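Notes to accompany the following structure.
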Amino acid sequence: MSFPLDARARLTLPDAAALARHDAAVHRLRVERDRAFSSVPDLEALRDHAAAIKAHALDHLDRYLEEFEARAREHGASVHWADDAASHNRIVAEILAARGATRVVKSKSMLTEECGLNPALEALGVEVVDTDLGERIVQLGGEPPSHIVIPAIHRRREEVGELFHRHLGTPRGESDPARLMAAARADLRARFLAAQAAITGVNFAVAETGTLVVVTNEGNADLGMSLPPLHIASLGIEKVIPALDDLAVFLRLLARSATGQALSVYTSLVTGPRPGGELHVVLVDAGRTRLLASPVHRSALRCIRCGACLNTCPVYRRAGGHAYGTSVPGPIGAVLAPALSSDPAARSLPYASSLCGSCTAVCPVRIDLHGQLLAWRRESPALPAGLRLGARVAGAILARPRLFRAAGRALRRLWPLLERSFPGNPARAWLASRALPPHPGPSFAERWAERAGRAASQHRASGGREP
Ligand code: SF4
């Protein structure tokens, strides 16, 4: 098993400045999340409730999927089922081909990223334009999103200016966000008007009404669903919730967890096609029933893709999303990838974690993320020989108190050496971007012994009297 995250991280965030910028930008989202929740008095009960709704929906997913399909059909939608990414892409391609649609606008959908829809359609001569600003930036840059909510969070505005100069004809050196946004808007408006079809993701699908819920901040999905006559919605089967009342619970959590907003700017409920239009819903499995069948990993399907676990994860913040090599990065990506990705390297992602538990602490639907990562580690193929040996040595030392104390003494002596970056120093990778913490001084056992000795001599000096 290889560990490609490390090498990819160096490419994504090549220097200390890029790393610090990414870390700070992502951490800001975590701070905003905390601020937004500070005014929600019943937060913990709300999270319990959300987790219970999702757990119930997953326990009865077959029933709710059938109910959703029946209601959606009653309202005039066509419903398709896709076993895997290839069948999802084929179904979408066939729907477009049957209507002669070759110009498509797409709003942000992690599922279509997961399925590789854009390259599949482009190979058939279909022009697909991503309309979310962040998605458009990464599309023009020829790269995948690096964050599930803010796809271009790894890019500086100067880099965006350069991309827009090359693709949209903005003046060279332009980096003013408002002017760059205006240029993107003008370009996208023309593409919306020329589009023959729109493809959107779906945040939630309500079984009792057959309703699709699409949440955005830019209104691009709404424009796509309103202008072209054909709307194709790609929907992972785990997105189904039982009732409209449940939606209120998730909407209170989603935007707060993602960006610290009380609500996203646009929350659209779509029940059936617009007058004169067509609506196709493609329900995608692509490995989800495998997760559903696993009592250990089922809870990962509760995910509402808020991104909060990415924003708090020390590994994601310092590695960047591209380092994971999967459509969904961060802790939830590392939990989903071993089940959903066909790339054998995905089995190494559960090791991309410090197991600090911060992801679990912020997850609005209470997925035990670090527990899941540990569970995948247990199920993983063997560790690389170096790590296996390291774990054995550590285990042997930790099991023998004398050896543990001797190793501690040796390491404290070697500390000045460890602080230097020389080939062969086990702390070298760490030292490339940060300093070792200060020397810890005497061990706890040494301090304890010294303190006990002091107390005993004071006791003797006082003639054995209690203080
Ligand atoms: S696992 Fe939880 S915190 Fe992470 S994206 Fe999903 S819902 Fe959000």
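The values are calculated or read from the model by the stated rules, or taken from the named source; none is laboratory data. Because the structure is predicted, anything quoted here is derived from the model rather than measured. Positions of Cβ are generated from backbone atoms using ideal geometry, with glycine treated the same way; all protein chains shown enter the neighbour counts. Quick note on the areas: whole protein, heavy atoms, side chains included, nothing else; ligands and nucleic acids left out. Shrake-Rupley method; radii C 1.70, N 1.55, O 1.52, S 1.80 Å.
Annotations
- Filter result for Arg305 (open to solvent by 10 Å² or more (accessible area, probe 1.4 Å), within 13 Å of the ligand (Cβ to nearest atom), in contact with a helix residue (DSSP H, G or I) (Cβ under 8 Å, 6 or more places away or on another chain) and not hydroxyl-bearing (Ser, Thr, Tyr)): yes
- Answer from Arg402, Arg366 - the residue that is at pLDDT 90 or above, among the basic types (Lys, Arg) and within 16 Å of the ligand (Cβ to nearest atom): Arg366
- Taken over the range 71-103, the criterion of being within 30 Å of Pro364 (Cα to Cα), part of a helix (DSSP H, G or I) and of a type outside the set (D, E, K, R) is satisfied by Ala72, Ala85, His88.
- In the range 327-365, the residues that are under 18 Å from Arg288 (Cα atoms), open to solvent by 40 Å² or more (accessible area, probe 1.4 Å) and touching a Phe, Trp or Tyr at 6+ places or on another chain (Cβ under 9 Å): Arg347
- Contact annotation: residue pairs with Cβ atoms under 8 Å, 6 or more positions apart or on different chains, pairing a residue in the range 407-421 that is in contact (Cβ under 8 Å) with a residue 12 or more places away in the chain with a partner that is open to solvent by 90 Å² or more (accessible area, probe 1.4 Å) and assigned to a helix (DSSP H, G or I), are Leu418/Leu411.
- Qualifying residue in the range 13-25 (condition: at pLDDT below 95, open to solvent by less than 60 Å² (accessible area, probe 1.4 Å), farther than 30 Å from Ser294 by Cβ and part of a loop (DSSP other than H, G, I, E, B)): yes
- Selection status of Gly100, at positive phi, at pLDDT 95 or above, in contact with an Asp or Glu (Cβ under 9 Å, 6 or more places away or on another chain) and open to solvent by less than 80 Å² (accessible area, probe 1.4 Å): no
- Every listed requirement among (1) without any contact (Cβ under 8 Å) to a residue 40 or more places away in the chain; (2) of a type in the set (Gly, Ala, Ser); (3) more than 30 Å from Ala346 (Cα to Cα) is met by Ala445 save one, (1).
- Any chance Asp246 is among the charged types (D, E, K, R) and away from the ligand (no atom under 16 Å from the Cβ): no
- Residue check, Val31 in a helix (DSSP H, G or I) and open to solvent by 40 Å² or more (accessible area, probe 1.4 Å): yes
- Meets criteria (aromatic (Phe, Trp, Tyr) and in contact with a His (Cβ under 8 Å, 6 or more places away or on another chain)) for Trp415: yes
- Within the range 289-322, tally of residues that are closer than 16 Å to Val202 by Cα and among the basic types (Lys, Arg): 2
- Gln261 passes every criterion in (1) buried (at least 17 other Cβ atoms within 10 Å of the Cβ); (2) in a loop (DSSP other than H, G, I, E, B); (3) out of contact with any strand residue (DSSP E or B) (no Cβ under 8 Å at 6 or more places or on another chain) apart from (1).
- Tally, over the range 249-269, of residues that are more than 16 Å from the ligand (Cβ to nearest atom) and not aromatic (Phe, Trp, Tyr): 6
- Cβ pairs under 7 Å, 6+ apart, first in the range 173-194 and hydroxyl-bearing (Ser, Thr, Tyr), second surrounded by 12 or more Cβ atoms within 10 Å (Cβ to Cβ): Ser175/Arg157; Ser175/Gly161
- All conditions but one from (1) open to solvent by 20 Å² or more (accessible area, probe 1.4 Å); (2) modelled with pLDDT under 95; (3) away from the ligand (no atom under 16 Å from the Cβ); (4) touching a helix residue (DSSP H, G or I) at 6+ places or on another chain (Cβ under 9 Å) apply to Pro295; the one that does not is (4).
- Qualifying positions in the range 308-326 - under 18 Å from Arg155 (Cβ atoms) and either more than 8 Å from the ligand (Cβ to nearest atom) or out of contact with any Phe, Trp or Tyr (no Cβ under 9 Å at 6 or more places or on another chain) (or both): Asn311, Tyr316, Arg317, Arg318, Ala319, Gly320, Gly321, His322, Ala323, Tyr324
- Qualifying residue in the range 270-284 (condition: within 14 Å of the ligand (Cβ to nearest atom), under 21 Å from the mean Cα position of the chain (by Cα) and at pLDDT 95 or above): no
- One residue from Arg172, Arg189 being under 28 Å from Gln261 (Cα atoms) and away from the ligand (no atom under 16 Å from the Cβ): Arg189
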